[in-house]
Amino acid sequence: MDTATHRVVPSALAGTRQSEGGALAWARRNAHSATAAALYASVLGVLLAQVFVQDSWLAIAGGWDIAENGLPWHERLTSGAFGAEWVDQQWLGKLALYGLANVGGLRMLALVHVLLVLGAVYAAMAIARRRGATDAAVFWVAIAVLLIAPWGWQLRVQPLAYPLFVAVLALVTAERVRPSVRVVACAPILVLWANVHGSVTLGAVLVAGAVLSTILLELRSGSARGRLLVGVVALVPAACLFASPYGFHLVGYYRSLLGNPLMARYIDEWRAPTFKSAFVFFALAAVVLWLVARHGRVLTTMERWALLVTGVAGFMTIRGIVWFGFAAVLLVPKLLDERSRRDSRPPSSPLLVTVAALCSGVAIAILSVQLTHLPRVLGESYPLSAARVVGTAVDRDETLRVFSSERYADWLLWEDPQLAGKLVYDVRFELFDAEHFARLAAFHDQGAKSDKITDGARLLVLDRVEDRVAVRTMTRASGARILYRDANLAVILRKPVGASP
């Protein structure tokens with residue numbers, strides 16, 4: 001019995017030591033990557049309240065509408081475009097975000113958002129490492145990318161597509177997988193993506209590269225099976241774009257976003273970036289171009305295709321830069337390694353492992369504190385008392401319609417669903433025509449001198465910075481009453497048309 005005991009215990013202890021050694025070895029191999037991930041988490045934690053923007057409220061308010069009333073085929077949330085044909089391509093993404101907010105509140109919504117962004121970034125880093133990039137190269141590229149598109153970390157439906165993008169990118173650049181298999185493997189991801197966010201068009205273009213590879217490979221074989229395979233595979237990316245309850249009705253949706261010149265004319269994030277507005281992106285793109293020119297032989301054709309497609313997306317619109325960032329994290333580190341002529345590096349020192357652990361601890365602490373205080377901090381920018389004032393006014397007079405600045409329209413709808421159909425407009429600018437865009441721009445610049453955009457609404461919820469001219473002139477108008485005012489917004493009730501002062 002004693003002999004058996006002595007044989008088992010050392011074996012167990014050896015297994016424990018081996019496990020501990022394995023964990024330490026992993027930490028030493030990936031200390032730089034872990035530090036980069038912790039820095040991302042810290043930045044997201046510090047900016048946690050700032051990631052809530054008008055698109056955040058649009059997503060969860062839209063999700064509420066879908067949960068209550070089913071998929072929309074016509075506009076039903078705003079009076080300015082009420083009854084217009086409208087299909088919500090992002091329906092599944094909105095429903096998912098609404099479900100999170102409904103079950104766990106805004107804290108859970110924020111936490112899942114952080115995990116989505118971090119998960120996509122870390123997945124890109126892990127794939128780069130698995131494909132042979134050094135830990136240091138991954139770190140430097142990830143840090144550079146952190147600075148190129150901070151607007152990409154805003155809480156909206158788009159981050160739900162980040163893990164899907166990384167998955168498609170990893171598949172189409174998988175060198176050991178046949179092109180036809182890559183296309184088939186990407187299909188279910190594209191189908192899910194087509195119901196989450198419009199950036200699925202970028203994913204389809206990436207997969208089109210694998211389709212082209214399949215065509216070239218199979219046509220060379222000259223077999224009947226090859227020609228049949230080409231025909232089937234070639235249809236996959238386009239078919240996936242319409243794998244939605246809306247089907248081919250999505251053609252108009254994609255056209256209203258991707259082919260609408262008004263979006264770029266009036267909305268900053270749809271404009272092409274300038275050197276001044278996106279200096280870091282231009283600098284990183286120049287470095288990547290130089291690295292590809294010098295050492296592009298280490299990249300496969302599909303990897304070069306992915307960098308080209310995402311780079312073009314970034315140069316076309318400001319909001320497209322974020323996709324180039326993910327592609328850079330996954331693909332560019334091995335270009336850096338080729339430049340430094342290093343296939344590997346010795347494991348990080350215990351000091352760097354300690355730094356990574358400390359950074360991770362700081363990130364967890366920051367996120368914990370910021371999540372705890374999130375409702376209070378959000379309440380300073382989006383005061384519940386103002387929403388209650390608006391709701392009370394509408395309860396007293398059911399004929400009231402509400403004109404709100406873009407920042408607050410969907411937040412009001414989230415706080416008080418009875419406002420559905422009573423808001424003049426919200427941030428779904430794809431519902432706007434040229435005249436509406438021009439009226440809104442003039443209102444921001446001229447206030448009461450360009451009042452047509454309010455469409456006769458008497459209750460105004462105005463951003464005191466964006467619409468300072470309108471706030472100043474309308475509060476001075478005869479019969480106007482200020483129902484609420486703070487540093488950020490003002491709620492103004494105008495007298496009925498024709499009423500005596």
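For this structure, a couple of remarks:
- Evaluation of VAL465 against (1) within 27 Å of the chain's Cα centre (by Cα); (2) part of a helix (DSSP H, G or I) (one fails), failing number: (2)
- Extreme residue, modelled with the highest pLDDT, among residues of segment 394-431 that are part of a loop (DSSP other than H, G, I, E, B) and within 25 Å of the chain's Cα centre (by Cα): SER405
- Subset tally (residues that are loosely packed, with under 14 Cβ neighbours inside 10 Å and either touching a Phe, Trp or Tyr at 6+ places or on another chain (Cβ under 9 Å) or not polar (S, T, N, Q) (or both)) for segment 429-447: 4
- Some residue of segment 377-393 being over 19 Å from GLY80 (Cα atoms), touching a Lys or Arg at 6+ places or on another chain (Cβ under 6 Å) and either at pLDDT 90 or above or not acidic (Asp, Glu) (or both): no
To keep it simple, each residue is scored yes or no on (1) more than 19 Å from the chain's Cα centre (by Cα); (2) at pLDDT 95 or above.
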| position | (1), (2) |
| --- | --- |
| LEU299 | yes, no |
| THR310 | no, yes |
| LEU331 | yes, yes |
| LEU335 | yes, no |
| ARG345 | yes, no |
| LEU352 | yes, no |
| ALA356 | yes, no |
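- Residue satisfying all of: in segment 197-206; buried (at least 24 other Cβ atoms within 10 Å of the Cβ) and farther than 17 Å from SER256 by Cα; nearest to the chain's Cα centre (by Cα) among these: GLY203
- Any chance GLU435 is touching a residue at least 12 places away in the same chain (Cβ under 8 Å) and either touching a helix residue (DSSP H, G or I) at 6+ places or on another chain (Cβ under 9 Å) or outside any strand (DSSP E or B) (or both): no
- Of all residues assigned to segment 66-83, at least one qualifies as being surrounded by 14 or more Cβ atoms within 10 Å (Cβ to Cβ), in contact with a helix residue (DSSP H, G or I) (Cβ under 8 Å, 6 or more places away or on another chain), at pLDDT 95 or above and assigned to a helix (DSSP H, G or I).
- Yes/no for VAL465 being within 19 Å of LEU412 (Cα to Cα) and exposed (fewer than 14 other Cβ atoms within 10 Å of the Cβ): yes
- Those residues of segment 189-218 which are outside any helix (DSSP H, G or I) and either touching a strand residue (DSSP E or B) at 6+ places or on another chain (Cβ under 7 Å) or not aliphatic (A, V, I, L, M) (or both), in sequence order: ASN195, HIS197, GLY198, SER199
- Residue tally, condition at pLDDT 95 or above and part of a loop (DSSP other than H, G, I, E, B), over segment 141-155: 0
- Sole residue being free of Cβ contacts under 8 Å to residues at least 12 places away in the same chain and of a type in the set (Val, Ile, Thr), chosen from ILE453, ILE482, ILE492: ILE482
- Set ARG319, ARG265, ARG339, ARG271: member being surrounded by 17 or more Cβ atoms within 10 Å (Cβ to Cβ) and either in the same structural domain as SER213 (by TED's automatic domain parsing) or farther than 30 Å from GLU406 by Cβ (or both): ARG319
- Qualifying residue in segment 181-188 (condition: in a helix (DSSP H, G or I), under 28 Å from GLN50 (Cα atoms) and modelled with pLDDT of 85 or more): no
- Looking only at residues in segment 282-313 that are among the β-branched types (Val, Ile, Thr), touching a residue at least 60 places away in the same chain (Cβ under 8 Å) and over 15 Å from LEU335 (Cα atoms), the one that is surrounded by the fewest Cβ atoms within 10 Å (Cβ to Cβ) is VAL309.
- All positions within segment 433-450 that are at pLDDT 85 or above and either among the aliphatic types (A, V, I, L, M) or touching a strand residue (DSSP E or B) at 6+ places or on another chain (Cβ under 7 Å) (or both): ALA434, ALA438, LEU440, ALA441, ALA442
- Of everything listed in (1) aliphatic (A, V, I, L, M); (2) over 30 Å from ALA441 (Cβ atoms); (3) under 25 Å from the mean Cα position of the chain (by Cα); (4) at pLDDT below 90, the single unmet condition for VAL233 is (3).
- Which numbered condition ALA136 fails, given (1) of a type outside the set (Phe, Trp, Tyr); (2) part of a helix (DSSP H, G or I); (3) crowded, with 22+ Cβ neighbours inside 10 Å: (3)
- Residue among ALA272, ALA264, ALA243 that alone is touching a residue at least 12 places away in the same chain (Cβ under 8 Å), out of contact with any Gly (no Cβ under 8 Å at 6 or more places or on another chain) and closer than 22 Å to LEU431 by Cβ: ALA264
- Single match in GLU430, GLU415 (criterion: of a type outside the set (A, V, I, L, M) and touching a residue at least 40 places away in the same chain (Cβ under 8 Å)): GLU430
- Evaluation of VAL377 against the conditions (1) in the same structural domain as ALA441 (by TED's automatic domain parsing); (2) within 26 Å of the chain's Cα centre (by Cα) shows that the sole unmet condition is (1).
- Unmet criterion (only one of (1) modelled with pLDDT of 90 or more; (2) more than 25 Å from MET263 (Cβ to Cβ)) for ALA477: (1)
- Only a single criterion out of (1) crowded, with 17+ Cβ neighbours inside 10 Å; (2) closer than 16 Å to VAL402 by Cα; (3) aliphatic (A, V, I, L, M) is not satisfied by ILE482, namely (1).
The values are calculated or read from the model by the stated rules, or taken from the named source; none is laboratory data. These figures come from a predicted structure and were not determined experimentally. Neighbour counts run over all protein chains shown; Cβ positions are idealised from the backbone, glycine included.
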